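K.L.:
One structure coming up, written as structure tokens, with questions to follow.
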Amino acid sequence: MNIELTTILLLGIILMSVVLSLTQLIRIRNDKKRISTLESTVNELQNNFNALCSGSVGVGKRISRLESKARQQAERQFRLEHKAPDLQSYGNAARLANKGADMDELVDHCGLSRGEAELILFLNSQQQAQSTH
């Protein structure tokens, strides 16, 4: 009976070992499938990341060009604004001359020299003469 009990125990242990081994093989196979799926996901994410990086480089270059153009426009505007007071005084003088102002009024109100005021009055009279013809 001792030998039979030992044999049964050994057979039980062997059977348990086989069942555990099969269970382990199934787990390993499932883990390999999961690893394969994860590897393909990682590869896809790497490709997407690379595409985003290359796209961001293009966007960065475009932003740099736009910033450069904006700086150029700001510089042009700054230069024009510094020239603008002169142009504004000429525009004001032309409007006043059109309303009948004389040379002294143009000099006093617009800060023009007498020569500039004479020129504006002359141009205004020429323009009025052309518009009446």
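The values are calculated or read from the model by the stated rules, or taken from the named source; none is laboratory data. On a predicted model such as this, the values are computed, not experimentally measured, just so you know. Neighbour counts are summed over all protein chains in view; Cβ atoms, including those assigned to glycine, are modelled from backbone coordinates with ideal geometry.
K.L.:
Between a residue in region 72-92 that is modelled with pLDDT under 80 and any residue that is not in a helix (DSSP H, G or I), which pairs come within a Cβ distance under 6 Å, given they are 6 or more apart or on different chains?
P.N.:
Note: pairs meeting the criteria are 89/111.
K.L.:
I'd like the full set of residues that are buried (at least 16 other Cβ atoms within 10 Å of the Cβ) and within 49 Å of the chain's Cα centre (by Cα), limited to region 107-123.
P.N.:
110, 112, 116, 120
K.L.:
If you don't mind, another one. What do you reckon, is residue 9 among the aliphatic types (A, V, I, L, M), surrounded by 10 or more Cβ atoms within 10 Å (Cβ to Cβ) and modelled with pLDDT of 95 or more?
P.N.:
Considered against the rule, which asks whether it is among the aliphatic types (A, V, I, L, M), surrounded by 10 or more Cβ atoms within 10 Å (Cβ to Cβ) and modelled with pLDDT of 95 or more, residue 9 comes out as no.
K.L.:
While we're on this one: Yes or no: residue 41 modelled with pLDDT of 95 or more and part of a helix (DSSP H, G or I)?
P.N.:
Taking the combined requirement at face value, the residue satisfies it.
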